[in-house]
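The values are calculated or read from the model by the stated rules, or taken from the named source; none is laboratory data. These figures come from a predicted structure and were not determined experimentally. Cβ atoms come from the backbone with ideal geometry, glycine included; neighbour counts cover every protein chain shown. Note: areas computed on protein heavy atoms with side chains; ligands, DNA, RNA excluded. Shrake-Rupley method; radii C 1.70, N 1.55, O 1.52, S 1.80 Å.
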Amino acid sequence: MTDEPRISTSDVQDMDKYFLHPWEDVTAIGAEARTVITHGDGIYITDSDGNRMIDGPGGMWCVNAGYGREEIVEAVAAQMRDLPYFSPWSVTTSPAAILAERLAAIAPGDLNNVFFTTGGSTAVDSALRFAFFYNNCLGRPEKKQIIARVGAYHGSTHLSASCSGKILEKVNMDMAEDLVHLLPKPNPAERPEGMSVEEFCDEKVADLENKILELGPDKVAAFIAEPVLASGGVIIPPEGYFKRCHEICQEYDVLFIADEVVTAFGRLGHYFASKDVFGVEPDMLTTAKGLTSGYLPMGALFISDRLIADIKASGNSAKGFFNGFTYSGHPVAAAAALANLDIFERDGLLDHVQKTAVYFEKSLRGLSDIPVVSEVRVKGLMAGVECCLDPDNPNEERDTTFLLDVDQICQENGLLLRPVYTAAVMSPPLTITETQIDDLTGIIRLGLETALTKWQSKTDRL
Ligand code: PLP
């Protein structure tokens, strides 16, 4: 940790007006004086005023191994000294090759073909392009439609964004509407009154089957799904849903793409959640984030041996998958990922999550007694605390503003939250301990109760 900040907070904030941030209102670039984060250690981050906070969102669902991992720093520096970069087109490098082999060994089923990307969006985009390529090779160029879901998030390239179902984030943004079809959100909390969760699950699985039949199985290339809809607010579909959707896809020869950009690398207590948590061996799997614990950008697409074998057997002579990036298999990012995996193994991070997740869930469920908390959703070390100020008269805009207040109070008290509209979502570094979970939950409670008192004094409705 350096002793003194090199430039003042206000200088950084001034210069920040040249940084067009993701999702920023372009008419107000730089209008918001953003908190400047300068350091990280363990599960904590520190801002330029010296305030140390628990990192609730784990960076952005990514700093799984936590901050300050010298092993990753050393591995990255050593690789940069040896070879910072070389083209993945014509040659290979040892970190990328070793990583590919190591990932194939821990990936579910026969997902033995690892295509490296620059992040999650490019992994998803590559998966979808591979689905098109696959069907072209197999002589069925009309099989190109993609099915995704409302509430999902798959990225920010044209195709991955088109598959994302966060409706508010589609305004003024063109989408590949001719290719992508969104099913209703599989959120059990939104089921009609009187419907059981099992009946809701049947309905959501039927939504997929009906959409395939409506479009025609010979027209549908792929179904893409996150096992838990992360950026959608940690939406946990009903038990059995993911597996049954996979079975439907198998029945109609539709590729099943598991988007594990968030759920892989320990978030749900396993390297990958598809098989170990949900019992599914997908045709393709996308990941990123926890792959390097966010230390460097890298993503990966896993393709099953079966798909490669089908292409081999197809007799089609043009088999080049013309998709790739200058930084595919970047040796320095690969070195970071290898060091990250070493930490997972040495520190037993997966076991730690499996144990700690039980406490995390119990602790967060304790917030349900606060009147504004309408639902607490927890899976592994990811959680969404849904807030509704007035259930008889729900108002999304008001609840979103309420959560911004909660966020501010939490920040003042040592926790960075990440409100996603009406839910406070959390995915702390996986190293979090029970005592730190108590701290985190205590600060959220304080934030919710304080903000609620403030809102109650503003209105007599509540
Ligand atoms: N898929 C999922 C499930 C994600 O949560 C995200 C990002 O949050 C992405 C894809 C896109 O990843 P990236 O931002 O690395 O491009």
Item checked: Ranked by how many other beta carbons lie within 10 Å on average, peptides 258-270, 389-401 from highest -> 258-270, 389-401
Item checked: the stretch 71-347 - Kirkwood radius from inverse mean 1/r over Cα pairs (Å) -> 19.2 Å
Note to self: Can you tell me what share of the DSSP beta bridges in the stretch 71-347 is antiparallel? A percent to the nearest 5 is fine.
What the structure shows: 40 percent
Note to self: Largest first, please: the extent of the C-alpha atoms of the stretch 343-395 along each principal axis, to the nearest Å.
What the structure shows: 51, 18, 11
Checklist line | Value of [θ]222 nm, deg cm²/dmol, for the chain, DSSP H segments ≥ 4, -39500 (n - 2.57) each, nearest 500 | finding: -12500 deg cm²/dmol
Checklist line | Loop-resident sites, the stretch 360-433, for chymotrypsin sites (Phe, Trp or Tyr not before Pro), counting at most 10 other Cβ within 10 Å (DSSP) | finding: none
Notebook entry, point to check: Remind me, what semi-axes does the stretch 157-260 give for its equivalent ellipsoid, largest first in whole Å, using sqrt of 5 times each Cα gyration tensor eigenvalue?
Noted result: 21, 19, 13
Next item on the list: Taking every Cα atom in the chain, find the radius of gyration and the maximum pairwise distance Dmax, and write them in Å.
Entry: 22.4, 72
Item checked: Peptide ranges 332-339, 442-449, 100-107 listed from the most packed, as the mean C-beta count within 10 angstrom indicates -> 332-339, 442-449, 100-107
Notebook entry, point to check: Given +1 on the Cβ of Lys and Arg, -1 on the Cβ of Asp and Glu, and no further charges, what dipole in debye does the chain carry about its Cα centre, rounded to the nearest 20?
Noted result: 980 debye
Item checked: Å² of accessible area per residue within the stretch 71-347, as computed with a 1.4 Å probe and no ligands counted -> 40 Å²
Item checked: Compactness of the stretch 10-123, expressed as Rg and Dmax over alpha-carbon positions, Å -> 18.8, 52
Next item on the list: Name the lysines eligible as straight-distance cross-link partners of Lys144: C-alpha to C-alpha under 23 Å, and not fewer than 8 places from it in the same chain.
Entry: Lys166, Lys170, Lys185, Lys204, Lys211, Lys219, Lys243, Lys312, Lys319
Notebook entry, point to check: When the Cα atoms of the stretch 191-319 are enclosed in a convex hull and the volume is divided per residue, what value in Å³ results?
Noted result: 132 Å³
